Each structure stands twice: as C-alpha cells, then as structure tokens.
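Computed from the coordinates by the stated procedures, all read-outs in this text should not be read as laboratory data. Predicted, not measured: the structure shown is a model, and the values here were computed from it. So basically every Cβ, Gly included, is an ideal-geometry build from the backbone, and we count neighbours across all protein chains shown.
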Amino acid sequence: MEDAIGLMIGVGFVTFMLALGFFVGGWQERSHIKKLDDRESANGDFLITQGKTAYNVSPDGPPPTILIGESVIASDYLKTFLAGLRNLFGGEVKSYQTLMDRARREALQRIVEQARAGGYNAVCNVRMQAADVGGSTSMGKKAMVMAAILASATAYHRQG
C-alpha cells in the first residue's frame, strides 16, 4: 500500500513538473516573442540587408563601422524532454526551430539598437553564425540545449 502511494506521489510530481514546464516555458516564450515583435515594429524604418555594399551612404554621417550582436536562448526542460522523445522516432524537432528563430531575431535587434544608438540608420553585410554551447556533461550525457547566435553587420548612415 505504501509503495502504491509513493508511486502515485512520484507520478503526480513528474506530471506537475511537466505541466509547470509547459505553462511557464510557454508563457516565457510567448512573452519574449511579443517583446521581439514590439522591438522589430519600433525599428521598422531601419534598413537591413545582407548585401556587401552599402547603398546611398551619406557623406555627412558617421563613418561605417562593424557591430556585433550575440544571443543565447536556452531550451526549457519540457522541450528538451520532448525533443529527446522525438529523437527516438526521428524527424524534425520543431521546438528547437523556435529557439534558433528567437536567437537570430534577438541578435539582429541588438545590432539594430547599437546602430541606432551610434547615429546610424542602416546595416549591410549581415552575417550570422550559430554555435553549440550546450555541449556534453562529463558523463557523456547531453547537457541543456541552447541556441547561440553571433551576428555581425556593417552599420552606416544612408541618405534619405
């Protein structure tokens, strides 16, 4: 009887923790996406290109400069657990795509905000590099999944 009660408590605890991860992790993700949407809307007039050439450079503006933006977004335990299950059966792990998307958007917004603070109104030559910062533990197990993006761009002031 005591074993059954202990088992029920254990299952209840795991269920509670998974539900907590689902709700809290989802709330934090939605909150971050909303903040990114607001920041992107506020920077909507800012020109961002991947081209190597700066167009309509203003001779009166500050000289072009390189800017760096970095972002690391960690997965929550529920996503990591579900991705591990998905990995057993194969296929695309879509929950990690949202991590990478959020990290890319965050790194780009950091560059745009740095450029604005420096008196620039455009960036070109935007480049992004992904890095695996989750790594492995000393026991050979996979650690917490994180999406790390290092973005660089050339900021300049354009005419018009």
Legend entry - Highest to lowest packing among 49-61, 101-113, scored as the average C-beta count within 10 Å: 101-113, 49-61
Legend entry - Length-normalised contact order of the chain in % [C-alpha pairs under 8 Å, at least 6 apart]: 33 percent
Inset, instruction - Mind counting lysine pairs for me in the chain? Cα separation below 22 Å, and the two need to be 8 or more apart along the chain or on different chains. - result: 9
Inset, instruction - Give the Kirkwood hydrodynamic radius (Å, one decimal) of region 1-78, defined as one over the mean of 1/r across all pairs of different Cα atoms. - result: 17.8 Å
Inset, instruction - Using the Cα centre as the reference, give the magnitude of the dipole from point charges on the C-beta atoms of region 21-160 (Lys, Arg: +1; Asp, Glu: -1; all else neutral), rounded to the nearest 20 debye. - result: 300 debye
Legend entry - Charge-dipole axis of region 2-156 as Lys and Arg at +1 and Asp and Glu at -1 on Cβ define it, positive-most pick from 4, 15, 57: 57
Legend entry - Listed values [x] 142; [y] 101; [z] 118, entry calculated as volume of the Cα convex hull per residue in Å³: [x]
